[in-house]
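Report on one structure; see the data block that follows.
Here, each number is a calculation from the coordinates, and none is a lab measurement. Note that the structure is predicted; figures quoted are calculated from it, not measured. Note that we place each Cβ from the backbone using ideal geometry, even for glycine, and neighbour counts take in every protein chain shown.
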Amino acid sequence: MTDETAPGIRLRRAEASDAQAIGAVFDAAVREGWGYLGELAREPMFSAAEWDKDVADHAPPNVLLVATDEGDRVVGFTAAHPKDCEMYLLFVDPAAAGRGVGRMLLAAADNALRAAGCSEAFLYTHEQNARALHVYASAGYRPDGSVRESDFRGTMMRELRLVKRL
């Protein structure tokens, strides 16, 4: 599925039964990496029902992949929207960080977009998320000067648009 590998990690399409594990990875990653959002990062941002819906919304032609460990526990996930050539989400459980899971997921998302006919991929990430910016830069993503600003539960968020030729 990808040229990138991480020892003991397997990629597969997400299933409806993965929704809560995906939400748990998201919450853990946000608590660890988004401290700049203050209290907002400390509590779950989405309900169980919202995660169920998000997984359902990412059925084909969208792509939602999970990375699982030796015990089939979800340790990361990525979502891509081939219609728009967008790498939409990528999160790794902090307990699995540093093992190549993020690089493996990112390469798989790029490959899925390429296979769908995209010649360029884009994504948005918080301008304060130094770790993500580093990972994306080392994978060839570059800022194109666009910024998306939004209000999420009373907190203003600025996200940089990054692009990559596939």
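Helix-derived [θ] at 222 nm for the chain: sum -39500 (n - 2.57) over DSSP H runs of at least 4, divide by residue count, nearest 500? Please list the in-between numbers first.
On the way: 4 runs with 49 residues, N = 166.
When only DSSP H runs of four or more count, the value is -9000 deg cm²/dmol.
Scan segment 1-75 for chymotrypsin sites (Phe, Trp or Tyr not before Pro) in coil per DSSP, keeping those whose Cβ has at most 15 other Cβ atoms within 10 Å, and list them by number.
Working: sites: Phe26, Trp34, Tyr36, Phe46, Trp51; in loops: Trp34, Phe46.
Here the sparse-neighbourhood loop sites are Phe46.
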Problem set entry | Options Thr125, Pro60, Ser17, ranked by Cα towards positive dipole end of the chain, top entry (Cβ charges) | Thr125
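Let me check against my output: what whole-number percent is the relative contact order of the chain, with C-alpha pairs under 8 Å and at least 6 apart?
Details: 292 pairs, mean separation 35.2, N = 166.
Dividing the mean separation by the residue count of the chain yields 21 percent.
Could you tell me which GluC sites (Glu not before Pro) in segment 26-123 are loop residues by DSSP with no more than 16 other beta carbons within 10 angstrom of their beta carbon? It would help to have the intermediate numbers written out before the result.
Numbers: sites: Glu32, Glu39, Glu50, Glu70, Glu86, Glu120; in loops: Glu70.
Within segment 26-123, the qualifying GluC sites (Glu not before Pro) (loop, at most 16 other Cβ atoms within 10 Å) are Glu70.
Report the FRET efficiency, 1/(1 + (r/R0)^6), for Ala49 and Ala137, where r is their Cβ-Cβ distance and R0 is 25 Å, rounded to 0.05. Before the final figure, lay out the partial values.
Details: r = 35 Å, r/R0 = 1.42.
Efficiency at R0 = 25 Å is approximately 0.10.
Might you report the magnitude of the Cβ-based charge dipole of the chain about its Cα centre, with Lys and Arg at +1 and Asp and Glu at -1, to the nearest 20 debye? Walk me through the intermediate numbers first.
Working: 19 positive and 25 negative charges, 95 e Å.
In debye, rounded to 20, the chain gives about 460.
Can you sort Met157, Met45 by how many other beta carbons sit within 10 Å, fewest first? Present the calculation step by step, with values, prior to reporting the outcome.
Working: Met157 18, Met45 15.
Lowest to highest Cβ neighbour count: Met45, Met157.
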Exercise. Between Thr125 and residues 5 or more places away or on another chain, which pairs have amide H atoms under 5 Å apart, with H built 1.01 Å from N, and which residues are they?
Worked result: Leu160, Leu162
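Ranked from highest to lowest mean number of other Cβ atoms within 10 Å per residue, what is the order of the peptides 75-84, 106-115, 60-69, 122-131? Walk me through the numbers on the way to the answer.
Working: 75-84: 22.2, 106-115: 20.6, 60-69: 19.0, 122-131: 16.5.
Top to bottom by mean Cβ count within 10 Å: 75-84, 106-115, 60-69, 122-131.
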For this session: Arrange Arg73, Arg165 by Cβ neighbour counts within 10 Å, fewest through most, would you?
Result: Arg165, Arg73
For this session: Would you work out which of Ala80, Gly38, Ala28 lies farthest towards the positive end of the dipole of the chain, given +1 charges on the beta-carbon of Lys and Arg and -1 on that of Asp and Glu, about the Cα centre?
Result: Ala80
